[in-house]
1. When ranked by the protection proxy of mean other Cβ atoms within 10 Å per residue, highest first, what sequence do the peptides 380-386, 147-153 form?
2. Between ASN429 and ARG217, 0.36 nm times their residue separation minus their Cα-Cα distance comes to what?
3. In this model, which of LYS354/LYS432; LYS319/LYS518; LYS181/LYS518; LYS355/LYS398 are farther than 32 Å apart at the alpha-carbon?
4. Quickly work out the ASP254-to-SER196 label distance, labels modelled 7 Å from Cα along the C-beta direction, and quote it in nm with one decimal.
5. Only sites in a loop by DSSP and with at most 15 other Cβ atoms within 10 Å count here; which trypsin sites (Lys or Arg not before Pro) in segment 262-310 make the cut?
6. Report ³J(HN,Hα) in whole Hz for each residue of segment 305-315, in order, from the Karplus equation J = 6.51 cos²θ - 1.76 cosθ + 1.60 where θ = phi - 60°; Gly and Pro get x.
7. From zero outward in steps of 10 Å, how is the percent of C-alpha pairs of segment 206-365 spread across the bins?
8. Normalise the Debye intensity by I(0) for segment 415-460, one equal point scatterer per Cα, no solvent, then take log10 at q = 0.14 Å⁻¹ and round to two decimals.
Amino acid sequence: MMIKQLPKLYPSCNFPSHGFCVCSKLFSSLPSVTSSSGVETQLRFLCGKSNPQVSEAVFGFLRAVDSNSLPSGAACNLLLHALTKSKNYELAFSVYSKMFRVGLLVLLTPITPNSHPGVLGLLLKRGFQLSPYVLNLTLKGLCANDEVDKAMELFRVTGRNYVTPDIVSYNTLINGPCRAKKLKEATELLVDMELSESDPNVKTYSTLINGFCKDGRVDEAMGLFEELKQKGLEADVVVYNTIISAFCDKGSFDRGKEIFDEMLKKGIPPNVVTYNCFINNLSKMGKWKEATAMLNDVIEYGVRLDVVTYTGLLDGLFKNGRDTKAMVLFSLMQSRGEEPNTVTYNVRIDGLCKKGLVDEAFKIFEMMKGKGKQPDVITYNTLLMGLSCHVKVDEAMKLFSVISKDEILLEPDVITYNILINGLCKEGNLDKVMDICKTMVERGIAGNLSTYNSLIDACLQEGFVGKALKFLRYALDLGLVLKGITYGVSKGLFSQMRAAGVSPTVIDYNVLMVSLCKEGSLEQARMLFEEMRRTNCVPNLVSFNTIIDETLKAGDVVSAQDLLQDMFKMDLTPDAITFSLLVSWFSKLGLLDEAKMVLKNLIACGVEPDALVFDSLLKGYCLKGDTEEIVNLLHQMADKGVVLDSEITSTILECLSEIPDDVDVMKILPTFSQETSKGASITCNELLVKLNNSHPELRLYAA
C-alpha cells in the first residue's frame, strides 16, 4: 500500500538536532556520495548485511537528502526494513517522516506491525490513521502467532479510538479465539459484531461452527447453524462438511446423514471431503455394504477420490481383518494415479505388524523411503511395537538407535520410549530400562502413566522396592494417578523392604498415602496413616496435611478437627499449608465462622496468610453476600501487602460486582501493594481499570 493511501494527518516528526550532531561526528569519515546511484549503492550495501549498519545508513540517507540526491523507493524500503528489524522504531518513524516530506513514495509494508507489534503503538501515538487493511493485517499476524490476547486488546483499542472494524476484522479476530478454544470470547465477538454496523456472514458462522465442533460441542454448533439459517444466510459445503464430520466423529452417523440429506435438498453438491467423512466412518464401523454404496455415489457424482478416501478405506479394511481386500485397494489406488502419503503407508505397516508380518512391514517401509516419503515418528513407533510384540527387542533397540541419530531429523516421543520400556521390562532387562529412562529424561520427556506403571511393576517383580517407590514419587510429582495402589499392596511393599533390612521412611509412607488419596481411597490412606503411627515412623506435617486435606474433601469436618488436635498433642505446629487447607475447605463448606477463626489462629502463630487464604474467604463471603466481611478482608489484604495475582483479582472483581448499587465502591476499596510477583500480578490501578472495563456502570477510574 503506497503512502498516499495512508493517513490524512501526517505528524511532524523531526530528528533531535543533538543526535544529528553526534551522528555527523561519528560518521564523518564516510565517503561523500552526491549521485543518486551512489546513494543507492551505499544504502543497499549498509542495509543488506547480516548485521545492518543502520546508523551509517541513516546518516548516508540524510546527507543524500541534504544534497538533493534522493534514493529510490526500493532503497528507502530497505532502510526502513533494517530499522524496524533492529527495533529502532523511533528512528524508523523519523526517517519515514523525512521521506514523506521530501516527496519519496515508499511502501508501508516494511513498518507494519504484522512482523513488529511494537510499531503499532508508535503509529497511533504519532497521529497516523489506521486503515482497516492495516488493522486486519495486524490481527491476522497476531492470531497466526497464537497471540490472541494481544489481538483482542488491539481490536478493543483501535475500535474505540482509531478505526471502525469491518467484516474482515471481525472474521479474522473470531478465528483466533476459535483456534485457541476460547469460544466464550469468540461468541462475545459475534454479539459485539451484531451491535455494530457489521452483520455476520457465512464466513463468520463457518468459523464459529468449526471452533465448537472441534471442541466436541456439536449441539452448540447446531445452534449457530440454525441461527445462520434464521438470518437468511445460505450455508455452503464447508459448513455442512464441518457439521457432518463432527456428528460422524461423535458416533452419531444417522444425524450426520440427516444433515447430508438436507444439503442435497438445498442443491449444494457434496465434495470429496463430504464423502470422506462417511466412507471413513462406515469402514471403521465395518459397514462395508454401506461404504461401498457411498463409494458408488462418489463415482456417480464424478467426484475424484483422493488419498484421504483411500487411506480411510484401507484403515477400515485392515482393522476389520480384510487384509487381502486392503492390498487390492492399495494397488488400485496406485493404478489410478493417486500417490500414497506417509499416513497411507503407516496404515499398511500397522496392518501388517498386527498380523505378525513384521518382515513384510519392513519391506513396505523400504518401499516408502524409495518413493521419497519421509517416515514419521508414527511409522517408527508402529515398527517398534511390531518388533516388541513379537519378542524382537534387540532388533527394536537397533531401530531405536537409527531413530536417535540426528541426521534423520526425527524426535522420539513418549510412546517410543514406552514401547521400549515395556519390551525390556518383559525381558527383565532392568539395566537397559534404566538407560532408556535416562535418555528419555535427558531429551526432556517426563513420561506418562503407562511409563511409570511399567517401571514400578518391573521393579517390584525384581524385588527392587526402593526403586519402585522412587518411580512412584516421580509419578506423583508429575500429577499422575497410578491405579492399583492399595493398602494391601503398600503393606506388601514395606514387608519386602523390611525383609531386605531396609526400614520404610516417613517419605515412603507419605508417597503411598498421597497416591491412595489421589485415587480417592481415603479409608485405605487412613489405615496406612494409622499403621505409620503404630510404628516408629512418626508422621510429619506432610503426613497430617495429606490426610486432613482428603478428610475435608470428603466433608468430614469432625475427623479433620480431631487430626488437628492430634498434631498439637505431638507438638507439631501447623504450617501455612495446613491453615490454607482448613480455610479453603471451611469456606467451601460454608463454615465461614470456623474459617475466620482459623485465619485468626494463623496470624496468632506468626504465619502470614497468603493470597490463597484470602481468596478462599472472599469466595465464601461472596456466596453469602456479606459485603461488610468482604470489605474487611480487602483492607486486611492491603494492610498486609498481599500482591494481587490473576486468581484473586478475578475473585475481587466478582465480589465487588455483587456489592449493592448504593455502596460507593471507590470509598471502600483500599490501596493494594504495588509490588509484583511471579506470574500475572497487577497493581491496584490496573485492578481498577480491569474492573471499570468489566463493569462500566460502576464508573471507576484509576488514579
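1. Per-residue Cβ counts within 10 Å, averaged per peptide and sorted highest first, yield 380-386, 147-153.
2. 71.7 nm
3. Values: LYS354/LYS432 26 Å; LYS319/LYS518 36 Å; LYS181/LYS518 28 Å; LYS355/LYS398 22 Å.
Violating the 32 Å limit, Cα to Cα: LYS319/LYS518.
4. 4.4 nm
5. On the way: sites: LYS265, LYS266, LYS284, LYS287, LYS289, ARG304; in loops: LYS266, LYS287, ARG304.
Here the trypsin sites (Lys or Arg not before Pro) that fit, given the DSSP loop and packing criteria, are LYS266, ARG304.
6. Result, ordered by residue: 5, 10, 5, 5, 4, 4, 5, x, 5, 4, 4 Hz.
7. 10, 36, 30, 18, 6, 1
8. Reported log10 I(q)/I(0), two decimals: -0.26.
Since every read-out is calculated from the coordinates, none of them should be taken as a lab result. Note that the structure is predicted; figures quoted are calculated from it, not measured. Glycine also receives a Cβ, built like all others from the backbone with ideal geometry; neighbour counts cover every protein chain displayed.
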